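*Asks:* I am attaching a structure below and will ask some questions about it afterwards.
The values are calculated or read from the model by the stated rules, or taken from the named source; none is laboratory data. None of the values given here were measured: they were computed from a predicted structure. A quick note on method: Cβ atoms are made from the backbone with ideal geometry, for glycine too, and the neighbour counts reach across all protein chains shown.
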Amino acid sequence: MNLYNNKRRIFFWIGSFLSIAAAVVLGSIPFFYFRSAIVGKHLLQQASTLVNRTNSNMNSTTQNAQSVQAISEGLNVPAFQAGQIIGEVVIPTLSLQAPLVQGTNPSQLDTAVGHLVTSVLPGKPGTTLIAAHNATWFRHINRLKPGDLIQVKTMYGTFNFHVTTAKVVRTGDSVPNTLDSSIVLESCYPLNALYLTPYRFLVYGKLVQISSTRIAASKPPTGTNYYVTIPQNIVNEGLTLSTNTLPMGTLTYTGNPSSLFTQSDSAWSATHTMIELYLAWIHASADKNLVAMTAIAPNAVTPKLTGNPFFGVNLLDVKYLSDYNVSLHVQGEQLLTATGTTQVRIHGKSYKIVLTAYAHGQQVKVTKIEIRSLFP
């Protein structure tokens, strides 16, 4: 009886959520795509291994609550190393199919959803916590309603969870463990934020069905690798968020983007290019480097030098009045155009900056730079 009572008082460590927060901080946007290409290849290799290891002799299925609990308690699960593919997460309501790997470090979350190692593996008694980036895989988990299906497919079985509730919590709030098998999906909140937030959006679900079948993990969609052309001398000045004071805002979509775009690396890659283009342009302007400015925006409609408030200015004197927000105009899986918008104050004057670019294949090129004076 004491053991039973003790199990009900088990809580995940507050450090569990802090580790996820740290993963997001370290996985800053400018480096996201470059890591994801490497990790995606690694995941594909791991997926092949997972398929070969699938046990075809397991074929029992149960929906009875007592039977589910009994099988869950007696379930033998393998040990997974950090970064190893566990299986996949499928959410039909969101048209979501994502690779699930062990761990929530940057190297895991860059191209997959991650299982928090301090929580139980899917299907076992207790609470399984699965985390993912808000702007990609879990961008729309706020649309889930009670009763919606969350399916976790692994090499040792398939587990169907039904959504029970959802809520917003502060980073560091503990998540109570459960006696029966349950699941929690976790992501930064707001779900369209490009910056580290003090809040997390949690979706809770309970295990309702176990199907032990032969499961193969899906190939993780790696998306499109967008790139920009920037002179090396400007790149050498540092075009990262860690070397600049650019405050990040939100990512929004226009057009009709498909889930294959929003739930792949394409969104992060496109966002990354818009950050690089903006930072490169203001650095080249501050340096009065006309050659570099032309290379960054060769065919763009740009303001005259007299109308460029960054020209010859020390970038430390630039004060941001608003975050840098990115909007992607997408049709299906194809990025058409993108805009980056912010407001700054330089030498006592305020301006709104709008950078517009279009995608020519995988290359993103600046087409227009607007600078509008803001009057008190």
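*Asks:* Mind listing whichever residues of the stretch 211-249 are over 21 Å from Ser259 (Cα atoms), crowded, with 17+ Cβ neighbours inside 10 Å and modelled with pLDDT under 85?
*Replies:* Those that are over 21 Å from Ser259 (Cα atoms), crowded, with 17+ Cβ neighbours inside 10 Å and modelled with pLDDT under 85: Ser211, Ser212, Ile215, Leu241.
*Asks:* With the structure loaded, tell me whether Ala292 is farther than 22 Å from Arg345 by Cα, at pLDDT 90 or above and touching a His at 6+ places or on another chain (Cβ under 9 Å) or whether it fails that test.
*Replies:* When the stated conditions are applied, Ala292 passes them.
*Asks:* On the basis of being at pLDDT below 95 and among the charged types (D, E, K, R), does Asp287 make the cut?
*Replies:* Working: at pLDDT below 95: no; among the charged types (D, E, K, R): yes.
Here the answer is no, as Asp287 does not meet what is asked.
*Asks:* Next up: Filtering the stretch 139-181 down to residues that are within 22 Å of Ser259 (Cα to Cα), within 19 Å of the chain's Cα centre (by Cα) and part of a loop (DSSP other than H, G, I, E, B), which residue is modelled with the lowest pLDDT?
*Replies:* Only one residue fits best here, namely Arg139.
*Asks:* Taking the stretch 124-173 on its own, how many of its residues are within 18 Å of Glu73 (Cα to Cα), crowded, with 23+ Cβ neighbours inside 10 Å and either among the aromatic types (Phe, Trp, Tyr) or not assigned by TED's automatic domain parsing to the domain that holds Tyr204 (or both)?
*Replies:* 2
*Asks:* Then there is this: Residue pairs, Cβ under 7 Å, 6 or more apart or interchain, first in the stretch 266-289 and closer than 15 Å to Val318 by Cβ, second among the acidic types (Asp, Glu). List them.
*Replies:* Close Cβ pairs satisfying both conditions: His283/Glu237.
*Asks:* Is one or more of the residues making up the stretch 290-304 β-branched (Val, Ile, Thr), out of contact with any Gly (no Cβ under 7 Å at 6 or more places or on another chain) and surrounded by 22 or more Cβ atoms within 10 Å (Cβ to Cβ)?
*Replies:* The answer is yes, given that some residue of the stretch 290-304 is β-branched (Val, Ile, Thr), out of contact with any Gly (no Cβ under 7 Å at 6 or more places or on another chain) and surrounded by 22 or more Cβ atoms within 10 Å (Cβ to Cβ).
*Asks:* Moving to a separate point now. From Leu202, Leu196, which residue is over 16 Å from Val120 (Cα atoms) and either free of Cβ contacts under 8 Å to residues at least 60 places away in the same chain or polar (S, T, N, Q) (or both)?
*Replies:* Just one listed residue meets the conditions, Leu202.
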